[in-house]
Structures are given as C-alpha cells and as structure tokens.
Amino acid sequence: MTYLCLGLGLIVVILAIQVVQTRRQVQVLLLTLRRFTESADLSNRLPSKADAQVGRLNTWLNQFLTITDNIVSVAQRAARDVSTGAYALKEAGAHSLASSERAAETLHRLADGAAVQAAEVVNGAEEAAGMAEAFRLVTADTLEVT
C-alpha cells in the first residue's frame with residue numbers, strides 16, 4: 001500500500017509538473033501573440049522547444065508568421081514601385097504639359113509672323129499694282145505721243 005501511495009504521489013507530481021510546464025508554455029505563447037498584436041512586428045517568433053503539442057503549435061504559427069511577413073514585404077515593395085511609377089508619370093505629365101505649352105507658344109509666334117508677312121505681301125501687291133498702273137499710264141502716254 002505504501003508503494004501504491006508513493007506511485008500515485010509520483011504520478012500526481014509528474015502530472016503537476018507537466019501541467020505547470022504546459023501552462024508556462026501557453027503563457028509564453030499568449031505573451032508572444034500579445035506582442036505581435038500590439039507591435040505588428042512579424043519578425044518575432046515563438047519558441048519551438050516546448051512540449052509536443054505546444055511545440056507543434058508554435059512551429060506552425062512561426063511558419064504562418066514567416067509566410068505573412070513575406071507577403072507583407074512583397075506588398076510593401078509593390079506599393080513602393082507603384083508610388084515611384086506614379087511620381088514618374090506625374091513628372092512626365094508635367095514635362096509633357098510644359099512641352100505642349102512651348103509648342104503652342106511657338107505656333108502662336110509663327111502665326112503672328114505669318115500674319116505680318118501676309119500683310120507685307122498685301123502691301124507689296126498693292127504697291128506693285130500701283131506701279132503697274134503707273135507704268136501702264138506712262139506707257140499709254142508714251143504711245144500717244146509717238
């Protein structure tokens with residue numbers, strides 16, 4: 001009977017130790033998960049040297065965190081690339097607008113120059129017509145005199 005009591009006592013002590021160890025491991029797990037939630041730092045990892053069940057849970061959570069961290073990194077790189085592309089597009093649009101404005105200004109100056117030249121051509125044509133009329137009159141007078 002003494003051995004039975006000692007055996008039962010030993011079993012109770014072993015179970016108590018297991019319960020305490022498992023409770024500590026679960027507390028570490030909960031504390032680490034709380035840190036993840038508060039800091040959003042996916043680089044933290046859970047200790048995987050726990051007993052079989054808690055250790056496996058920690059291992060799977062660590063793998064999940066690694067995958068999630070990789071996805072976040074890819075999304076951050078993509079966001080930076082989109083931001084860089086948007087900035088480059090904005091700069092190109094501003095450059096294109098400035099080029100269009102310069103082209104419009106050049107076309108306006110060319111149109112003004114063409115208008116001035118057209119006015120000079122009209123004046124020249126009127127002068128030529130006046131000279132032609134004067135030449136015709138001089139020629140007509142000369143032909144009448146002879």
From the set of residues in the stretch 44-73 that are among the small types (Gly, Ala, Ser) and either in a helix (DSSP H, G or I) or modelled with pLDDT of 70 or more (or both), which is nearest to Leu33 (Cα to Cα)?
Gly55
Taking the residues in the stretch 49-107 that are under 22 Å from Val26 (Cβ atoms) and aromatic (Phe, Trp, Tyr) as candidates, determine which candidate is most open to solvent (accessible area, probe 1.4 Å).
Trp60
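The values are calculated or read from the model by the stated rules, or taken from the named source; none is laboratory data. Since we're looking at a predicted model, the values are computed, not measured. Virtual Cβ from ideal backbone geometry, glycine too; neighbours counted across all protein chains shown. We work out accessible area using only protein heavy atoms, side chains counted, and drop any ligands, DNA or RNA first. Shrake-Rupley method; radii C 1.70, N 1.55, O 1.52, S 1.80 Å.
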